[in-house]
1. Could you list which residues have their amide H under 5 Å from that of Ala119, counting only those 5 or more apart in sequence or on another chain, with H placed in the peptide plane?
2. Would you mind counting up the charge near Ser31? Only other residues with Cβ under 14 Å from its Cβ, with Lys and Arg at +1 and Asp and Glu at -1.
3. Which value in nm describes the separation of the simple spin-label points at Thr22 and Asp34, placed 7 Å from the Cα toward the beta carbon?
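Only the coordinates and a few stated rules stand behind these numbers; no lab work does. On a predicted model such as this, the values are computed, not experimentally measured, just so you know. Virtual Cβ from ideal backbone geometry, glycine too; neighbours counted across all protein chains shown.
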Amino acid sequence: QADYRGNIAVTKSGKVCQRWDTQTPHSHNRSPSDFPNAGLEENFCRNPDNEGFAWCYTEDPDERWEYCNIPTCPSSVPSPAPSPSPPPTPLAPTLDPDQCSLTVCSCEIRQVDFRGTIAVTKDGLP
């Protein structure tokens, strides 16, 4: 989940995440300036050091950090049924499916540096 860039900001146990740019209640060296390509924004769950899963420091002074519960993308997306009429006009430019924004889940494939907001497939599906 090194590629996760969504807005989940609570841990698996429900603790609120600490902002990456603050040092309280836990001091740390995983700041946006130390990891400029890791998407360390606000208090969102991230994986700046390639741990097993996205995680965050917690606002609980007794619990330094925890993993977050980030949904993973399905292994395959079913193809839409063929239509006799032309498909509707997409809401966004036609893109390669690998360029979809990771705002909901983590697919762990080639989106490490993508920072866009596109959330529509090349077929115009949300």
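1. Amide H neighbours of Ala119, under 5 Å, 5+ apart: Ser101.
2. -2
3. Using points 7 Å along Cα→Cβ, the separation is 1.8 nm.
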